[in-house]
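> This is the structure I have questions about; it appears just below.
The values are calculated or read from the model by the stated rules, or taken from the named source; none is laboratory data. Remember, it's a predicted structure, so these values are computed and weren't measured experimentally. Cβ sites come from the backbone with ideal geometry, for glycine too, and all protein chains shown count toward neighbours. All accessible areas refer to the heavy atoms of the entire protein, side chains included, with ligands and DNA or RNA removed. Shrake-Rupley method; radii C 1.70, N 1.55, O 1.52, S 1.80 Å.
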Amino acid sequence: MSDRAAPPPIWTPPPALVESSNLTRYARWLERERGLSLRSYEELHAWSVRELDAFWASIWDFCEVRASAPYEAVLAERAMPGARWFPGARLSYAEHALRHDGDGPAIVWRPEDGPAVEVSWPELRRRVGSLAHALRELGVRPGDRVAGYVSNTPEAVVALLAAASVGATWSSCSTDLGAGAVRDRFGQIEPTVLVATDGTRYGGKEIDRSDVVAELARTLPGLRATVLVERLGSGRVPGALRWDDLVAGEDALAFEQLPFDHPLWVLYSSGTTGLPKGIVHGQGGILLEHLKNHVLHLDLTPEDRFLWVTTTGWMMWNWVVGGLLTGSTIVLHDGSPAWPDVGGLWGVAAETGTTFLGTSAAYLTSCARAGLSPRGEHDLSALRAIGSTGSPLPPAGFEWVYGEVKEDVWLVSASGGTDVCAAFVGGVPWLPVRAGEIQAPALGDDVHAFDEDGRPVVGEVGELVITQPMPSMPVFFWNDPDGARLRDAYFSTYPGVWRHGDWVTIEPWGGIVIHGRSDSTINRQGVRIGSAEIYRVLDAIPELADTLVVGLELPDGGYHLPLYVVLAPGVELDDALRERIVRALRAEASPRHVPDEIVAVPSLPKTLNGKRLEVPVKRILAGTPVEQAVSRDAVDDAAALDRFAELGRALRARRGG
């Protein structure tokens, strides 16, 4: 264990914030209702993981969870995987998201091409009730799937809540994905109904997706109906139902009461080793986890306006919708945060009166590199908190926020995953903020750093692990009947312990530093991407004999995505071929799949049975000696490893690392 002293805080919560926080209200509730006197966050967290059943029962009661049938136990089975939470309980996520009274805005939608539009709580409930009725008329029943190929608009939120109201399972993809990438996801779950938009506006451009929607409507197996949201008015999807017709009714809300682990939605893994895995989360697990995170760790209240920059294909979109559980107004930004210029997002926050603004570490560092000073350009008086996730935020990013955005803002750096649709580590309104650190592990999350032998370490880099179950861990993977893929994904390294795939240091004073991915997943602009998605596009280009892509975290907080290609005989990597590669990745996958550079190499190292060596190559490019990164005896072309060591030295010299 390190004996280093804690660095001085860059921000300390004022007493008034601590006093008024939901966390203080919860601590006093525990004292009054449970007889517990827990005066520090360290004591509170220790109790929450020591008495796991009592903690989650307290969240149920403190957040006033409604259930039509009571639970028989909190945690009936503690094994991982296979934990059984709150058996017997029947409830509805949608009911809790729509239970808040008042005539104020539930949603503020800020499109890129116009002013903000508000949707009131009564209007949101009316639209959800009307669409839920229409879904039932279309034959959608509990357990069916409703899929959304949608942008970040109120229609997407209405569709999710309507699907959840009837007991269907929701799944969404962003409109920046092409037809092939969407079929890779929705084709697995065979939706009954597809809700899709004909296009979007991003970066000042209209992006028509009606042809993609028409192709999905023709080719998705088991599809009964397509509902078209006319964003651009192209109207070129034969046989599609009009969204406006389906949400025009006055049908009363009716919420199916469902078991705690009934599938709420399917999120998708990155697809590193094949098709993206369909990660299924339960109604109750997400409800409790988001109530805990949003109420206690984000400190959201009905007075907040909660914006997080995201697409509907990232878990952070589901996270934003969870803001409705607290009665907060959620702010949906449909467009590029860097339009009309790199500081565009700060203008959106000012215009919408956002109080909690979430974005990616990459965006914050890009603003800092551009020399922006939002505090002098926008009225950010309403802004009380800034969230950062997607990749580690370097100390310079913290310093820029407090120097150029707002000196009295609470900077909430957080890390979690699509796998649990939650943050393992994040904000605590009682604690100081230190540059480069996440404040603490979340309540109820038994977070540790393990060394190679599976022993917890403090003050040293280790694998981020969770040693006790969380309610929002996956119920199952889609098309994984025996659970083998789920066990292999999280529990094969340390049996019975969740290994998340991040390098982490847990400091002696409790702060947490995430060092990046410990596996080969690519993390681009806060969105995890699987290399397999890129390879599937590149395999269709005959001039490319072989390809390898890796994502590199840079010391300054940036990210670099190089693509290495082996060319077919007689082929030259000229500008025309580079452009074809870029166009194919944009069209068939998304702009995030486009590499930062394309480099021709004579050969690529592989295992003896022909598998790509992404993780060893990534380590070699980052500066790890070849002998420490991989055994030469296990590689079919050891000389290729030395070439990548040379490429890494040149790359680091060019990037100043």
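> Which members of the stretch 436-448 meet the condition of being modelled with pLDDT of 95 or more and of a type in the set (G, A, S)?
Those that are modelled with pLDDT of 95 or more and of a type in the set (G, A, S): A440, A442, G444.
> Another one. Tell me whether the stretch 428-445 contains one or more residues that are acidic (D, E) and assigned to a loop (DSSP other than H, G, I, E, B). If you could, list the steps in order and put the result at the bottom.
Keep residues of the stretch 428-445 that are acidic (D, E), which gives 437, 445.
Then keep just the ones that are assigned to a loop (DSSP other than H, G, I, E, B); that gives 437, 445.
Taking every residue of the stretch 428-445 in turn, at least one turns out to be acidic (D, E) and assigned to a loop (DSSP other than H, G, I, E, B).
> Based on this model, can you work out whether H294 counts as open to solvent by less than 10 Å² (accessible area, probe 1.4 Å) and in contact with a helix residue (DSSP H, G or I) (Cβ under 6 Å, 6 or more places away or on another chain)?
Values: open to solvent by less than 10 Å² (accessible area, probe 1.4 Å): yes; in contact with a helix residue (DSSP H, G or I) (Cβ under 6 Å, 6 or more places away or on another chain): yes.
So H294 fits the description; yes.
> Moving on to the next point. Could you list, in sequence order, the residues of the stretch 31-42 that are farther than 19 Å from V295 by Cβ and either assigned to a helix (DSSP H, G or I) or in contact with a strand residue (DSSP E or B) (Cβ under 6 Å, 6 or more places away or on another chain) (or both)?
E42
> Could you list all residues from the stretch 412-461 that are of a type in the set (D, E, K, R) and over 17 Å from E42 (Cα atoms)? If you could, list the steps in order and put the result at the bottom.
Start the filter on the stretch 412-461 by keeping residues that are of a type in the set (D, E, K, R), which leaves 419, 434, 437, 445-446, 451-453, 455, 460.
Listed by number, the residues that qualify are D419, D451, E452, D453, R455, E460.
> Taking into account only those residues within the stretch 269-291 that are closer than 24 Å to V537 by Cα and in contact with a Gly (Cβ under 6 Å, 6 or more places away or on another chain), which is most open to solvent (accessible area, probe 1.4 Å)? Give the steps one after another, and end with the answer.
Within the stretch 269-291, the first condition is being closer than 24 Å to V537 by Cα, and the residues that meet it are 269-279.
Checking which are in contact with a Gly (Cβ under 6 Å, 6 or more places away or on another chain) leaves us with 270-272.
Values: S270: 11, G271: 2, T272: 32 Å².
For the stretch 269-291, the residue satisfying everything is T272.
> Return yes when P8 is within 21 Å of D408 (Cβ to Cβ) and loosely packed, with under 13 Cβ neighbours inside 10 Å and no when it is not. Quick ask: steps written out before the conclusion?
Numbers: within 21 Å of D408 (Cβ to Cβ): yes; loosely packed, with under 13 Cβ neighbours inside 10 Å: yes.
Yes, satisfied.
> Here is a further query. Note down all Cβ pairs under 7 Å where the first residue falls in the stretch 414-438 and is within 16 Å of P474 (Cβ to Cβ) and of a type in the set (D, E), the second is open to solvent by 10 Å² or more (accessible area, probe 1.4 Å) and assigned to a loop (DSSP other than H, G, I, E, B), and they're at least six residues apart or on different chains.
D419/P474
> Of everything in the stretch 371-391 that's under 26 Å from the mean Cα position of the chain (by Cα) and among the aliphatic types (A, V, I, L, M), which residue is farthest from G427 (Cα to Cα)?
Checked the stretch 371-391; the qualifying residue farthest from G427 (Cα to Cα) is L380.
> Anything in the stretch 309-325 that is open to solvent by 10 Å² or more (accessible area, probe 1.4 Å) and polar (S, T, N, Q)? List them, or say none.
Hits for the stretch 309-325 are T310, T311.
> Between S336, S366, S381, which is at pLDDT 95 or above and either touching a Cys at 6+ places or on another chain (Cβ under 7 Å) or surrounded by fewer than 24 Cβ atoms within 10 Å (Cβ to Cβ) (or both)?
Exactly one residue qualifies, and that residue is S381.
> Ok, one more. Every residue in the stretch 614-631 that is of a type in the set (A, V, I, L, M) and at pLDDT below 85, please. Write out each step before concluding.
So the first thing to find is which residues in the stretch 614-631 are of a type in the set (A, V, I, L, M), and the list is 615, 617, 620-622, 626, 629-630.
Result: V615, A629, V630.
> When you go through G570, G557 one by one, which is the residue that is at pLDDT 85 or above and either open to solvent by 10 Å² or more (accessible area, probe 1.4 Å) or among the charged types (D, E, K, R) (or both)? Even if it seems obvious, please write down each step before you answer.
Values: G557 fails: at pLDDT 85 or above.
Sole residue among the options that is at pLDDT 85 or above and either open to solvent by 10 Å² or more (accessible area, probe 1.4 Å) or among the charged types (D, E, K, R) (or both): G570.
> Here's something else I'd like to know. Evaluate the following for T467: is it among the polar types (S, T, N, Q) and open to solvent by 20 Å² or more (accessible area, probe 1.4 Å)?
Details: among the polar types (S, T, N, Q): yes; open to solvent by 20 Å² or more (accessible area, probe 1.4 Å): yes.
Against the criterion (among the polar types (S, T, N, Q) and open to solvent by 20 Å² or more (accessible area, probe 1.4 Å)), T467 qualifies.
> Continuing with this model, one more query. Scan the stretch 234-252 and report the pairs whose first residue is hydroxyl-bearing (S, T, Y) and whose second residue is in a strand (DSSP E or B) and open to solvent by 30 Å² or more (accessible area, probe 1.4 Å), with Cβ atoms within less than 7 Å and a gap of 6+ or a chain change.
Close Cβ pairs (under 7 Å, with a partner that is in a strand (DSSP E or B) and open to solvent by 30 Å² or more (accessible area, probe 1.4 Å)) amount to S234/D208.
> Does the stretch 122-140 hold any residues that are under 26 Å from G313 (Cβ atoms) and in a loop (DSSP other than H, G, I, E, B), and which are they?
L138, V140
> Also: When you scan the stretch 339-363, how many residues do you find that are within 23 Å of R99 (Cα to Cα), open to solvent by less than 10 Å² (accessible area, probe 1.4 Å) and over 19 Å from the mean Cα position of the chain (by Cα)?
1
> Considering every residue within the stretch 78-99, establish whether at least one is without any contact (Cβ under 8 Å) to a residue 24 or more places away in the chain, of a type in the set (A, V, I, L, M) and surrounded by fewer than 18 Cβ atoms within 10 Å (Cβ to Cβ).
There is no residue in the stretch 78-99 that is without any contact (Cβ under 8 Å) to a residue 24 or more places away in the chain, of a type in the set (A, V, I, L, M) and surrounded by fewer than 18 Cβ atoms within 10 Å (Cβ to Cβ).
> I've got another one for you. Would you be able to tell me the number of residues in the stretch 13-30 that are surrounded by 13 or more Cβ atoms within 10 Å (Cβ to Cβ) and either part of a loop (DSSP other than H, G, I, E, B) or of a type in the set (D, E, K, R) (or both)?
3
> Something else now. Select from the stretch 209-247 the residues that are crowded, with 17+ Cβ neighbours inside 10 Å and assigned to a strand (DSSP E or B) and list them in ascending order.
Listed by number, the residues that qualify are A225, T226, V227, L228, V229.
> Let me ask something else about it. List the strands (runs of 3 or more DSSP E) inside the stretch 287-405, counting only whole elements, that have at least 1 residues being farther than 22 Å from G557 by Cα and touching a residue at least 60 places away in the same chain (Cβ under 8 Å). Steps first, answer last, please.
Working: elements: 305-308, 329-334, 356-360, 385-389.
Because the criterion is at least 1 residues that are farther than 22 Å from G557 by Cα and touching a residue at least 60 places away in the same chain (Cβ under 8 Å), the strands (runs of 3 or more DSSP E) in the stretch 287-405 that meet it are 305-308, 329-334.
> Here's another thing I want to ask about it. If you scan the stretch 457-513, which residues turn out to be closer than 30 Å to S171 by Cβ, assigned to a loop (DSSP other than H, G, I, E, B) and among the acidic types (D, E)?
D480, D482 - these are the residues of the stretch 457-513 that are closer than 30 Å to S171 by Cβ, assigned to a loop (DSSP other than H, G, I, E, B) and among the acidic types (D, E).
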